[in-house]
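Shown next, in structure tokens, is the structure this report addresses.
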Amino acid sequence: MSQASIPNRYSDVIERVKYQIRQKVWLPGERVPSIRKMSRLAKVSPATVTKAYELLEVEGWIYAKPQSGYYVAAHFNQLEPSSASGLPQVSNQAISINRHVFDVLKAIKQPDVIPFGSAFPDPVLFPVDELGRRLSRVIKSMPLNSGVTDLPPGCLELRRVIAQRYANEGLSVSADDIVITTGATEALGVSLAAVTQPGDTVVIESPAFYGALQAIERFHLKAIELPLGDGGGVDIDALANIVEQHDVKACWFMSKFQNPSATTMTIEQLTLIYQLLAAKQIPLIEDDVYSELYFGSDKPPSFKSIDEHGLVLHCSSFSKCLAPGFRVGWVLAGRFSKQVEELQFMSTLSVAVPNQQTLAAFVKAGGYDNHLRQLRRVLEKRVSATMTAIQNDFPAGTTVTMPEGGYFLWVTLPIEIDTSKLLEQLLGQYRISVAPGTLFASSRQFKHCMRLNASFELNDEKRKALKQLGDILHRAKKGCER
Ligand SMILES: Cc1ncc(COP(=O)(O)O)c(C=O)c1O
């Protein structure tokens, strides 16, 4: 995975270290990465790191110990309480974010707004005509009793084609193990409800998909928000500590193309996390909605692919890769299948039958893989083009990571910028939306970040919008510096 920074002599290193200190990755008295290591991580020369560390020292963030390295200054003890374990701090708390998510998403969905803040891929990327033709054929020929036969767990033909796709990836799955749901949203919701009771504690990533935060709020659960490491994946030592200290009832993680950070876990990370949870029999809800959108030659592994104990509730849908409006998803729920099926039955009774049958027919007819191959190629190109534009237009100190799949870019801006405050001006004056970092955590710790949807072709309109966005960010940074 490559990380690109706006060329700037020192600010990338400075912001990186400040961010990590604020996030309590490095606590007072702990040594920050050595000059050699930071030079490798930040892809800058050792001389640049030395200069950055000297400036951080002048500002009082760190201090040098001769022959030893640079350490976090003690006064951060007073500013921000430290954790005794030396691990990222976590709090176990009720979540209240739904209203914020609702307000922001409502504001950014107006049709004349440039949808960089949207979670939906560019609609022109889908075989809409073909799906329409099949839908009309299905409606004309649908057996009258299919409203009954396709009740939960859902249309058998669709469950069979999904099971076949799992089989092609090496997983032995029967159609009976799959429950069809109204999008991944319902899949995730019923999965969470199947393994928790109100008041229980669930571990999620930080930053997390806001849907996870909303579901936790809806089911009156408590969340422990676990920071993602620089390269992606939750901090495994911190997770080990948490499952020792708290009565964790479930974890909700994304193994690949995480929304919003766009990071992907390695098989080693997946295995360590899975072993840790399996030892305590903690169920793992895996949100894998972007799994088909990989840019490499193979799909990265999922938790489900190493699930020896039936602990993983694997949730996905066709929303991001084939038919966004159809609202068809599924859960492969392992040992929790029965509860999930019953809860889905109570939740929406049945997923729209013509939609299920249309998707089954489309996948069976054989055009799906071809469509996916094309989709991945286009997305990779667009994501890369958007990333280059960001590098050219955004202020120094911005970092953005090139994902291995999906279509989101997680942009970390200089720490002074507050993207949620800029949103009103962006929407009102420029008709541009972004997803502010505040959507992805219960606190405001990602206020200087934003998620950009890079699935759109960078035509003149979108290119101009990115340039305007860059100008606004430059001005915001200058305003903060004054
Ligand atoms: C990470 C993630 N999970 C789940 C969903 C919901 O998927 P669906 O539209 O299939 O309900 C989304 C949609 O944005 C998402 O980004």
Checking residue 230 against (1) modelled with pLDDT of 95 or more; (2) surrounded by fewer than 24 Cβ atoms within 10 Å (Cβ to Cβ); (3) not aromatic (Phe, Trp, Tyr), the condition it does not meet: (1)
Matching residues in the stretch 287-329 - criterion: being more than 15 Å from the ligand (Cβ to nearest atom) and among the polar types (S, T, N, Q): 297, 305
Meets criteria (assigned by TED's automatic domain parsing to the domain that holds residue 388, surrounded by 21 or more Cβ atoms within 10 Å (Cβ to Cβ), within 23 Å of the chain's Cα centre (by Cα) and within 15 Å of residue 387 (Cβ to Cβ)) for residue 433: no
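Before we move on, is residue 209 under 26 Å from residue 345 (Cα atoms), within 27 Å of the chain's Cα centre (by Cα) and either of a type in the set (A, V, I, L, M) or within 14 Å of the ligand (Cβ to nearest atom) (or both)?
Details: under 26 Å from residue 345 (Cα atoms): yes; within 27 Å of the chain's Cα centre (by Cα): yes; either of a type in the set (A, V, I, L, M) or within 14 Å of the ligand (Cβ to nearest atom) (or both): yes.
Considered against the rule, which asks whether it is under 26 Å from residue 345 (Cα atoms), within 27 Å of the chain's Cα centre (by Cα) and either of a type in the set (A, V, I, L, M) or within 14 Å of the ligand (Cβ to nearest atom) (or both), residue 209 comes out as yes.
Do we find that residue 280 is among the basic types (Lys, Arg) and farther than 18 Å from residue 330 by Cβ in this structure? Break it down stepwise before answering.
Numbers: among the basic types (Lys, Arg): yes; farther than 18 Å from residue 330 by Cβ: yes.
Taking the combined requirement at face value, the residue satisfies it.
Taking the residues in the stretch 39-73 that are closer than 21 Å to residue 411 by Cβ and outside any loop (DSSP other than H, G, I, E, B) as candidates, determine which candidate is farthest from the chain's Cα centre (by Cα). Working first, answer last.
Going residue by residue through the stretch 39-73, those that are closer than 21 Å to residue 411 by Cβ are 41-44, 52.
Now restrict to residues that are outside any loop (DSSP other than H, G, I, E, B): 41-42, 52.
Values: 41: 22, 42: 23, 52: 31 Å.
Per the criteria, the residue is 52.
Would you check which residues across the stretch 160-184 are touching a Phe, Trp or Tyr at 6+ places or on another chain (Cβ under 7 Å) and part of a helix (DSSP H, G or I) and list them? Lay out the reasoning, then the answer.
At the first step, the residues of the stretch 160-184 found to be touching a Phe, Trp or Tyr at 6+ places or on another chain (Cβ under 7 Å) are 162, 173, 178-181.
Of everything in the stretch 160-184, just one residue is touching a Phe, Trp or Tyr at 6+ places or on another chain (Cβ under 7 Å) and part of a helix (DSSP H, G or I), namely 162.
Within 20 Å of residue 192 (Cα to Cα) and surrounded by fewer than 18 Cβ atoms within 10 Å (Cβ to Cβ): does that describe residue 338? Before the answer, list the steps.
On the way: within 20 Å of residue 192 (Cα to Cα): yes; surrounded by fewer than 18 Cβ atoms within 10 Å (Cβ to Cβ): yes.
Against the criterion (within 20 Å of residue 192 (Cα to Cα) and surrounded by fewer than 18 Cβ atoms within 10 Å (Cβ to Cβ)), residue 338 qualifies.
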Any hit, the stretch 179-198, residues being crowded, with 21+ Cβ neighbours inside 10 Å, under 30 Å from residue 118 (Cβ atoms) and modelled with pLDDT under 95: no
Among the residues listed as 323, 279, 333, the single one being assigned by TED's automatic domain parsing to the domain that holds residue 214, of a type in the set (Gly, Ala, Ser) and free of Cβ contacts under 8 Å to residues at least 24 places away in the same chain: 279
Answer from 22, 40 - the residue that is within 18 Å of residue 416 (Cα to Cα) and either surrounded by fewer than 21 Cβ atoms within 10 Å (Cβ to Cβ) or polar (S, T, N, Q) (or both): 22
Close pairs (8 angstrom Cβ cut-off, 6 or more residues apart or separate chains): closer than 22 Å to residue 371 by Cβ in the stretch 129-148, assigned to a helix (DSSP H, G or I) and among the hydroxyl-bearing types (Ser, Thr, Tyr) anywhere: 131/358; 134/358; 135/358; 138/358
So residue 284, is it under 29 Å from residue 401 (Cα atoms), at pLDDT 95 or above, more than 13 Å from the ligand (Cβ to nearest atom) and surrounded by 18 or more Cβ atoms within 10 Å (Cβ to Cβ): yes
Any hit, the stretch 290-303, residues being over 23 Å from residue 227 (Cβ atoms), charged (D, E, K, R), in the same structural domain as residue 226 (by TED's automatic domain parsing) and more than 15 Å from the chain's Cα centre (by Cα): yes
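Quick grid of which residues meet (1) within 16 Å of the ligand (Cβ to nearest atom); (2) closer than 26 Å to residue 315 by Cα:
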residue: 112; (1), (2): no, no
residue: 125; (1), (2): yes, yes
residue: 132; (1), (2): no, yes
residue: 143; (1), (2): no, no
residue: 153; (1), (2): no, yes
residue: 156; (1), (2): no, yes
residue: 163; (1), (2): no, yes
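Test residue 195 against the criterion of being among the hydrophobic types (A, V, I, L, M, F, W, C) and without any contact (Cβ under 8 Å) to a residue 60 or more places away in the chain, and give yes or no. Reasoning before the result, please.
Details: among the hydrophobic types (A, V, I, L, M, F, W, C): yes; without any contact (Cβ under 8 Å) to a residue 60 or more places away in the chain: no.
Here the answer is no, as residue 195 does not meet what is asked.
Give the residues of the stretch 149-159 that are part of a helix (DSSP H, G or I) and touching a residue at least 40 places away in the same chain (Cβ under 8 Å), sorted by residue number. Lay out the reasoning, then the answer.
Looking only at the stretch 149-159, we keep the residues that are part of a helix (DSSP H, G or I), and these are 149, 156-159.
Matches in the stretch 149-159: 157, 158, 159.
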In the stretch 431-482, the residues that are in a helix (DSSP H, G or I), within 16 Å of residue 400 (Cβ to Cβ) and in contact with a strand residue (DSSP E or B) (Cβ under 7 Å, 6 or more places away or on another chain): 437, 469
Count of the stretch 330-344 residues which are touching a strand residue (DSSP E or B) at 6+ places or on another chain (Cβ under 8 Å) and more than 10 Å from the ligand (Cβ to nearest atom): 9
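Results for (1) among the aromatic types (Phe, Trp, Tyr); (2) out of contact with any Phe, Trp or Tyr (no Cβ under 9 Å at 6 or more places or on another chain); (3) not assigned by TED's automatic domain parsing to the domain that holds residue 152, shown as yes or no for each residue.
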| residue | (1), (2), (3) |
| --- | --- |
| 209 | yes, no, no |
| 212 | no, no, no |
| 220 | no, yes, no |
| 239 | no, yes, no |
The one condition in (1) closer than 23 Å to residue 121 by Cα; (2) in contact with a helix residue (DSSP H, G or I) (Cβ under 6 Å, 6 or more places away or on another chain) that residue 390 fails to fulfil: (2)
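Determine whether residue 99 is modelled with pLDDT under 80, among the charged types (D, E, K, R) and assigned by TED's automatic domain parsing to the domain that holds residue 410.
Criteria met by residue 99.
The values are calculated or read from the model by the stated rules, or taken from the named source; none is laboratory data. Bear in mind the structure is a predicted one, so any value in this text is a computation, not a measurement. No Cβ is skipped: glycine too gets one built from the backbone with ideal geometry, and neighbour counts run over all protein chains shown.
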